[in-house]
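The values are calculated or read from the model by the stated rules, or taken from the named source; none is laboratory data. Since this is a predicted model, take the numbers as computed values, not measurements. Cβ placement follows ideal geometry from the backbone for every residue including glycine, while neighbour counts extend to all protein chains displayed. With ligands, DNA and RNA removed, areas are computed over all heavy atoms of the protein, side chains included. Shrake-Rupley method; radii C 1.70, N 1.55, O 1.52, S 1.80 Å.
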Amino acid sequence: MAREFSTVGVVGLGTMGAGIVEVFARNGIDVVAVEISEPALERGRATLTASTDRAVAKGKLAAADRDALHERVHFAVGLPALHSVDLVIEAVPEHLDLKQRIFAELDRVCRPEAILATNTSSLSVTEISVATTRPNQVIGIHFFNPAPVMKLVEVVRTVVTSPEVVADVEALCARLGKVDVTINDRAGFIANALLFGYLNHAVAMFESHYAAREDIDAAMKLGCGLPMGPLALMDLIGLDTAYEILDTMYRRGGRDRRHAPVPLLKQMVTAGLLGRKSGRGFYTYERPGSPVVVPDEATPLTTEAGLADGARAIAKVGVVGSGTMATGIIEVFAKAGYEVVSVTRGAEKSATVCEAVKTSLNKGVVRGRLAEADRDAALGRISWSATLDHLADVDLVVEAVVEELSVKKALFASLDEICKPGVVLATTTSSLPVIDVAMATHRPADVVGLHFFNPAPVMPLVEVVRTIRTSPEATATARAVCAALGKTGVVCGDRSGFIVNALLFPYLNDAVKMLEASYSTADDIDHAMKLGCGYPMGPFELLDVVGLDVALAIQRELYLELREPGFAPAPLLEHLVTAGYLGRKARRGFRDHSHR
Ligand SMILES: NC(=O)c1ccc[n+]([C@@H]2O[C@H](COP(=O)([O-])OP(=O)(O)OC[C@H]3O[C@@H](n4cnc5c(N)ncnc54)[C@H](O)[C@@H]3O)[C@@H](O)[C@H]2O)c1
């Protein structure tokens, strides 16, 4: 028989604790909510009230249910109020000594049969448990932020947690409507172990002025479909909490330098910039605790102002290449009203590309997204050529030929001879240094990267890569063109992986390493990232779609450029590629797709 939990205690009513109180009370469980002082208690109560009021305003909670919810919560200062609860969840700041002190006291005040749980993100549950005389009744129950919304709970068992306690807590999670994954006690568990290296890397990009905060966040939202960008997520987590989690993971998790908190974090914490909860972190918020971002001195000027920044007028665009990307890019420009000159290596190729563009535009018509007249107008704007000479009078060239440096360099040398002065020359390379291509011309200031995502007509993001020689005008032009295409252009430096791949692939590689270490299963890891962090796909689902060979190639390049030991490709990834298990396209990758 599973244990009945009728009353639970929550210690610490900050970012997580207040949300955890709400989860229990919403599910009909009485809660004793404890804080360290009266003001802190008031803050916790206000957070709970604001959250449930929002739920009522959004129609997600009936007013009567909100009132009943509040009646189930009893607020108190000090741990002695927890004397008769069945389970306690501790959610105080991420410091081992503090948690150990609290657990020792909980051990004294709580009933002997009560379960004591910690919501720690990175500390050792085992080390916390030994501060009590009942380590077999101590467990980790790791909720995700915001607790009322995120479906995942990581249940962390130590080597001494009794199996009955694990089973009881699993049943409790089900009662709360949560999905649990049960795992052993390791720094960062599943989700944070995969998340925090990525978050820290994003902070490093920001710190080094590699890209602006809005661009880093937009890149990950639009390029990967994440619910928030990494810097906005850091603000939500709280920079002090994030710092402690990283620091603990660094010390406990094998001193992976990627977990050593970026110095800027410490400075921000010291300066009181803790994220949303203090009203200011990477972004500025309406007031402490508010999710509403307000403009500040770092907010970029609008597109109109950007245009005034020296962006050149573009009317006619050349697109060189005949592959998937070139085809998509021709369509995107033509649909947006640009005159397009497509250059391929021969009439036959031009005919194929033309057919592909027509087919794609027709699909838009069939689906009711494009009027027939607009399709015809778009097609009418494209001229087809097999010679670069026809690019003599275009204002912008987008190169999308094979991903080989020698080919691209030769092409750019020719463009340099043919194109008129002032033209912006763009490469769509996803992995070669743009500066190499730029230096094949006598006008490197006019060369940028325009990294479209596949399929170009659908994906809303373009990475605008500026090299150390790119002029501000060329960058402004590229950005303005992206806006005119209805896409978001994010500007970044000329480094391997730009923003999206540099942040995405090491995370995927880490997931493979976690699987390889037998810490968890592919299913649980996928679950954890989808339900705990709101990712549209888990890492193994995504790897099978992207192709393991593609992922390996990108990871190798990142590793070679940055020489970061943590970026070394996971041996399992290499083995799967060698074995021909490349993902969906090979009908087998991390999963078997042969029956689909
Ligand atoms: N922030 C997140 O996104 C997140 C997600 C999952 C887990 N966690 C974990 O949850 C825990 C809490 O993190 P947080 O972000 O909510 O921190 P927080 O700083 O927002 O809140 C901590 C609260 O604990 C209270 N507190 C401090 N000492 C106390 C004591 N002796 N007795 C009672 N209350 C006390 C503080 O007044 C504060 O309100 C940490 O272990 C953290 O790692 C955080």
- Out of the residues in segment 104-124 that are within 11 Å of the ligand (Cβ to nearest atom) and hydrophobic (A, V, I, L, M, F, W, C), state the one that is nearest to L274 (Cα to Cα). L123
- Note on the structure: Here the qualifying pairs (Cβ atoms under 7 Å; residues six or more apart or on different chains; first in segment 75-92 and closer than 10 Å to V11 by Cα; second within 11 Å of the ligand (Cβ to nearest atom) and hydroxyl-bearing (S, T, Y)) come out as V77/S37; E90/T118
- Message: Out of D235, D247, D215, I need the residue that is over 22 Å from A271 (Cβ atoms) and either within 16 Å of the ligand (Cβ to nearest atom) or part of a helix (DSSP H, G or I) (or both). Which one?
- Response: D215
- Query: Can we say K349 is more than 20 Å from V402 (Cα to Cα) and among the charged types (D, E, K, R)?
  - Reply: no
- Message: So in segment 373-402, with the set limited to residues that are under 14 Å from C354 (Cα atoms) and in contact (Cβ under 8 Å) with a residue 24 or more places away in the chain, which one is surrounded by the most Cβ atoms within 10 Å (Cβ to Cβ)?
- Response: A378
- Message: Residue under question is G254, and the condition is that it be closer than 30 Å to F505 by Cα and crowded, with 17+ Cβ neighbours inside 10 Å; does it hold?
- Response: no
- Query: Does R3 qualify as being open to solvent by 70 Å² or more (accessible area, probe 1.4 Å), in contact with a strand residue (DSSP E or B) (Cβ under 9 Å, 6 or more places away or on another chain), more than 11 Å from the ligand (Cβ to nearest atom) and more than 26 Å from L239 (Cβ to Cβ)?
  - Reply: yes
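Quick grid of which residues meet (1) assigned to a helix (DSSP H, G or I); (2) touching a Leu at 6+ places or on another chain (Cβ under 9 Å); (3) of a type in the set (A, V, I, L, M, F, W, C):
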residue	(1), (2), (3)
A377	yes, no, yes
H390	yes, no, no
V401	no, yes, yes
D416	yes, yes, no
D436	yes, yes, no
- Select from segment 506-532 the residues that are open to solvent by 10 Å² or more (accessible area, probe 1.4 Å), hydrophobic (A, V, I, L, M, F, W, C) and either in contact with a helix residue (DSSP H, G or I) (Cβ under 7 Å, 6 or more places away or on another chain) or free of Cβ contacts under 8 Å to residues at least 12 places away in the same chain (or both) and list them in ascending order. L515, A517, A522
- Note on the structure: If we ask which residues in segment 572-596 are surrounded by fewer than 21 Cβ atoms within 10 Å (Cβ to Cβ), part of a helix (DSSP H, G or I) and in contact with a helix residue (DSSP H, G or I) (Cβ under 7 Å, 6 or more places away or on another chain), their number turns out to be 3
- Which one of the conditions (1) surrounded by fewer than 22 Cβ atoms within 10 Å (Cβ to Cβ); (2) of a type outside the set (V, I, T); (3) within 21 Å of G538 (Cβ to Cβ); (4) more than 11 Å from the ligand (Cβ to nearest atom) does A193 fail to meet, given that it meets all the rest? (1)
- Task: Find the residue count for segment 39-71, including only residues that are within 11 Å of the ligand (Cβ to nearest atom) and acidic (D, E).
- Result: 1
- Message: H74 - would you say it is more than 10 Å from the ligand (Cβ to nearest atom) and not in a helix (DSSP H, G or I)?
- Response: yes
- Query: If we keep just the residues of segment 6-30 that are among the aliphatic types (A, V, I, L, M) and farther than 16 Å from V109 by Cα, which is farthest from the ligand (Cβ to nearest atom)?
  - Reply: I29
